[in-house]
Amino acid sequence: NEKMSSEAYEQTRTDSSFTYFEKGKNSKEIRDKISNFNKAIQSNTDKNDTLYPLLLDYKIYYHQRLKEYDSAFIFADSLERMATFALALYRKAAINRDLDDQEKVFLYAFEARKRYLELEDSAKAARRSLEMAIAQSRMQDYTGSQESATEALRHLNKKKDLQYLSSAHNIIAIAYRNRGFYKDALKEYKNALRYASNLDDSLTYKNNIGLVYRDLENYEEAISIFEESYSKVSENDYSSKARYLNNLEFTKWLENNDKDVSPGLLKALEWRKSSNDHTGIVSSYENLAKFYEKTNKNLALKYSEKWLNSGKEN
């Protein structure tokens, strides 16, 4: 998530609205934060006060964190009525991202980008372009996604926007890979890795590089990458552990169809179920169906049906 806009608020005040605002920012529990922001709003009678839209922005963010999307939308509408259009549109895009409504994510990000361009804020316009690209990728519009991500790269700061730069290169790589341009995808995934600012992102991009090597049937290189990722992932990050283990075991089987990799594939499925990773569960069923296709028709059929049904649900 982009940093909260209210972090830039530096005015020194002693009134009750600002006191509650500061108390809310410093509270540890989200409910306490929201309670204090409510008190700050109630004690603020001047709707032209520059603090007021910042309070609304915090309310939107934390209601979204609690998955209280109706409340988040209500305060986003209030923010929009105060003529803080660009920020309100960005928040609506973020809420719809949580709701997995990619079309609305794209539309709100598109409108927010237009507003930021009007304000001559190219950095935030670039970030909205990236959000458009991610939504387009998830809707499988890979050509459009690549165009939006490339547009974002033109305006992102190479020192301040490392996270966004790596994400943009990753989205471009996804577009290349899904259209069969594996060497181009490999180059872009490596660019994404170069800008990665934390271990989790690095492992994600390395995993993606491994997938391209698998596409190119360079199984030895792919297996080496998956083994490294699996060994370095956090012990409690079961969603990532499952992804790397699933990729590792399935690639071992692709390299040698006589190898029994079912224990690893089933362990990955178990972790994905425990972490409610619905997209991962679909992938696990797919790999299990392919693994059993020539050796156990009944299990192949069982996992094919689960693959189909989970795919429909997801």
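The values are calculated or read from the model by the stated rules, or taken from the named source; none is laboratory data. Owing to the predicted nature of the structure, the values given are computational and were not obtained by experimental measurement. We place every Cβ from the backbone using ideal geometry, glycine too, and count neighbours over all the protein chains shown. Remember, those area values only see protein heavy atoms, side chains included, never the ligands or the DNA or RNA. Shrake-Rupley method; radii C 1.70, N 1.55, O 1.52, S 1.80 Å.
Summary table
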item	result
Gaussian network model of the chain, springs between alpha carbon atoms under 10 Å - residue of T19, T150, T251 with greatest fluctuation	T19
Length-normalised contact order for the stretch 52-171 - Cα pairs under 8 Å, 6+ apart - percent	16 percent
Residue-averaged 222 nm ellipticity for the chain, from DSSP H runs of 4+ at -39500 (n - 2.57), nearest 500	-25000 deg cm²/dmol
Modelled label reach - K114, point 7 Å along Cα→Cβ, the stretch 88-104 residues with backbone N closer than 18 Å	88-94, 103-104
Per residue accessible area in Å² of the chain, where ligands, DNA and RNA are left out and the probe is 1.4 Å	53 Å²
Acute angle (nearest 10 degrees) that the helix 278-292 long axis makes with the longest principal axis of the chain, alpha-carbon atoms	0 degrees
Sparse-neighbourhood loop sites, trypsin sites (Lys or Arg not before Pro) in the stretch 65-148 - DSSP loop, at most 12 other Cβ within 10 angstrom	K67
Length-normalised contact order for the stretch 206-314 - Cα pairs under 8 Å, 6+ apart - percent	18 percent
Pairs of Cα atoms farther than 15 Å apart, the stretch 38-141, %	62 percent
Rounded percent of accessible protein surface that carbon and sulfur make up, the chain, 1.4 Å probe	45 percent
Largest to smallest principal axis extent of the C-alpha atoms in the stretch 208-258, angstrom	31, 23, 13
Added length on full extension, which subtracts the Cα-Cα distance from 0.36 nm per residue, E313 to L301	2.5 nm
Sum of side-chain charges, L193 neighbourhood, beta-carbon under 14 Å (Lys, Arg +1; Asp, Glu -1)	+1
Intensity falloff of the chain expressed as log10 I(q)/I(0), Debye formula with alpha-carbon point scatterers, at q = 0.08, 0.11, 0.14, 0.15 Å⁻¹	-0.46, -0.81, -1.14, -1.24
Inter-label distance for Y69 and N256, nm, one decimal - labels placed 7 Å from Cα along Cα-to-Cβ	4.7 nm
The chain: relative contact order as a whole-number percent, Cα under 8 Å and 6+ apart	7 percent
Lys, Arg +1 and Asp, Glu -1 on Cβ, resulting dipole of the chain about Cα centre, debye, nearest 20	100 debye
Projected-area mean, the stretch 171-280, by convex hull of Cα positions, square nanometres	6.9 nm²
Cα Rg, Dmax, the stretch 97-247, angstrom units	16.0, 51
The stretch 146-151 - phi-based ³J(HN,Hα) in whole Hz, Karplus 6.51/-1.76/1.60, Gly and Pro as x	4, 5, 5, 5, 5, 4
Using a Förster distance of 30 Å, the FRET efficiency for L266-N236 (Cβ separation, nearest 0.05)	0.90
Residues in the stretch 98-140 that a label on N198 would reach, taking backbone N under 18 Å of a point 7 Å out along Cα→Cβ	98
Qualifying GluC sites (Glu not before Pro) for the stretch 203-309 [loop in DSSP, other Cβ within 10 Å: at most 15]	E217, E235, E293
Gaussian network model of the chain, springs between alpha carbon atoms under 10 Å - residue of L301, L245, L54 with greatest fluctuation	L301
Gyration tensor over alpha-carbon atoms, the stretch 223-314, equivalent ellipsoid semi-axes in Å	21, 18, 9
